[in-house]
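Each remark here refers to the structure printed beneath this line.
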Protein chains: 2
Amino acid sequence: MNKRQVQKQQTRNLILQQAKNCFISKGFLNTTTSEIAAECGIAHGTLFLHFNNKEILIIEILDQQLEIISLKIIELIREAYDLKEMLNNYLDFIQREEDFFHTITRELPFYSDELRRKIIFRESLIRKKFVKAIDEGIARGNFITCDSVMAATFLFSTISYYLSLKNIFVSEGSVIAKFKDKIILTFLSFLTRREDA
Amino acid sequence: MNKRQVQKQQTRNLILQQAKNCFISKGFLNTTTSEIAAECGIAHGTLFLHFNNKEILIIEILDQQLEIISLKIIELIREAYDLKEMLNNYLDFIQREEDFFHTITRELPFYSDELRRKIIFRESLIRKKFVKAIDEGIARGNFITCDSVMAATFLFSTISYYLSLKNIFVSEGSVIAKFKDKIILTFLSFLTRREDA
DNA sequence: TATTTGAATGACTATATGGTCACTGAGTAC
DNA sequence: GTACTCAGTGACCATATAGTCATTCAAATA
């Protein structure tokens, strides 16, 4: 690569980096291309030299982030030895990247079909692990018999609910931190079969 | 009321009526004031003669609708003799007004604080009825002991989830109709204590 | 009938924002 | 060293949309 190509690559990376920061803190919908350019210290027009339009930029960043994040999550889940620990690891991770998840969850209903499909696909991979864990619990007789897919939907919906309306529940700090224990406890009490009492 | 006052009132009502239709079918955020005016067959400026700004118009309509709807729901719930029937009545009603609920649920995270507070408040009244029903079930020994508020959150989150992402689950028709039975069945199986099997 | 009132008009403004393009100047190729 | 290339520029454009205001004309009033 000659000087020019290196420079171009650097600018491209700079845009991706700054855009990611903007998107995470303000959301995809509320970040303007001018803002991103300003944040990078480049001209507004330069941005469109590297990315034909805003949507393409968003998709590239989202793809990148989703890939990284979903792999990490699946890794964390795999390390767990039961549903409780899986949930713990999962929620811990979401908490660490809460701004990102807050943005995605809140804006999801407004994304283009393509963007939505990408997000839902990644989530479905993670969700499958939970469904499998529930199925195993049922097979072992530890959990009540129920529709495991629907059970997972109850779980993921609840997490999404807290994430998307985060501002209602906490003025600052993490919603997930605040409700993690209760979510886990309640969900497990839903599933767990008790003979006693 | 003289002719002028009558005319003014009629125009005002016309705006409220048409704006409501627009808002329900397209959402509050995606409906423009010009559209509403066009739909009413009045000049754009006339709208601001009756409502100082868009937000005020939205709030008035939302207040109206929420009041009507939440009273009806509470009525329907009261008629039910157990949680299952409550849920059935509740979901039937949501299904009938699904466009409205779809819009509200999807856009909620983007509303102003005031708008959000109004919606959440109404929902909380309905939610309380369910919490109470769960508490009674627990007291009677029919339901497992659990955090009833959290249990209700799982329920309402799941309903919101299907409503807000409706387009993913059905290309046309009602999401609620599609998932109603499964939601009820799963939620009840979560709560119900079983000694058998 | 003459004067005042006020509902309604619609052209206009202000602002935001995604995207374009003619131009510049440093880097590259010969 | 000269001609060419292309990353970068920033003024500009198109569009959307909430909100304003001077003007109009029918209704109310005296």
| query | Taking each residue of A:159-165 in turn, how many C-beta atoms of other protein chains fall within 10 Å of its C-beta, and what is the average? | reply | 5
| task | Using only atoms on other chains, find how many Cβ atoms lie within 10 Å of each Cβ of peptide B:146-155 and report the average. | result | 5
| field | Average beta carbon contacts from partner chains per residue of B:181-194, 10 Å cutoff | value | 4
| message | In segment A:51-72, whose amide N lies under 20 Å from the spot 7 Å out along Cα-to-Cβ of A:Asn13? List them in ranges. | response | A:51, A:57-58, A:60-69
| Is the protein assembly as shown best put as rounded, prolate or oblate by its Cα gyration tensor, with a ≥ b ≥ c the root eigenvalues, rounded for a/c under 1.5, and otherwise prolate when a/b is larger than b/c, oblate when not? | oblate
| request: Treating the angle as unsigned and between 0 and 90°, give the value, to the nearest 10°, between the Cα long axis of helix A:98-107 and the longest Cα principal axis of chain A. | output: 90 degrees
| field | Diffusion constant of segment B:21-178 at 25 °C, which comes from Stokes-Einstein with the Kirkwood Cα-pair radius and 0.890 mPa s, µm²/s | value | 142 µm²/s
| For A:Lys166, which aspartates and glutamates qualify as cross-link partners when the Cα separation must be under 19 Å and same-chain residues fewer than eight apart are set aside? | A:Asp92, A:Glu97, A:Glu98, A:Asp99, A:Glu107, A:Asp181, B:Glu107, B:Asp113, B:Glu114, B:Glu123
| remark: With N residues in segment A:1-74, Rg(alpha-carbon) / (2.2 N^0.38 Å) equals 1.15
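Kindly identify segment B:97-197 as rounded, prolate or oblate by the Cα gyration tensor criterion: order the square roots of the eigenvalues as a ≥ b ≥ c, call it rounded if a/c is under 1.5, otherwise compare a/b with b/c, prolate if a/b is larger, else oblate.
Details: a/c = 3.14, a/b = 1.46, b/c = 2.15.
Because a/c hits 1.5 or more and a/b fails to exceed b/c, segment B:97-197 counts as oblate.
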| field | Ranked by how many other beta carbons lie within 10 Å on average, peptides A:101-112, A:42-53, B:8-19 from highest | value | A:101-112, B:8-19, A:42-53
| query | Along Cα→Cβ at 7 Å, what distances in nm separate the A:Gln17 label point from those on the other copies, shortest first? | reply | 6.0
| field | Helix-derived mean residue ellipticity, 222 nm - over the protein assembly as shown, DSSP H n ≥ 4, -39500 (n - 2.57), to 500 | value | -26000 deg cm²/dmol
| said: Please list, in order along segment B:145-162, the HN-Hα scalar couplings obtained from phi with the Karplus expression 6.51 cos²θ - 1.76 cosθ + 1.60 (θ = phi - 60°), rounded to whole Hz, x for Gly and Pro. | reply: 7, 7, 6, 5, 5, 5, 4, 4, 4, 4, 5, 5, 4, 5, 4, 4, 4, 5
| said: Nearest 10 degrees is fine. How inclined is helix B:175-191 to the longest principal axis of chain B, computing both from alpha carbons? | reply: 30 degrees
| remark: Which of A:Lys180/B:Lys26; A:Lys118/B:Lys180; A:Lys128/A:Lys180; A:Lys118/B:Lys54; A:Lys128/B:Lys26; A:Lys26/B:Lys84 exceed 31 Å between C-alpha atoms? The answer is A:Lys180/B:Lys26; A:Lys118/B:Lys54; A:Lys128/B:Lys26; A:Lys26/B:Lys84
| task | Would you mind checking the tilt of helix B:3-26 against the longest principal axis of the Cα atoms of chain B, expressed as 0 to 90 degrees and rounded to 10? | result | 50 degrees
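Bear in mind these aren't lab numbers, they're just calculated from the coordinates by the rules spelled out. These figures come from a predicted structure and were not determined experimentally. All Cβ positions, glycine included, derive from the backbone under ideal geometry; neighbour counts span all protein chains shown.
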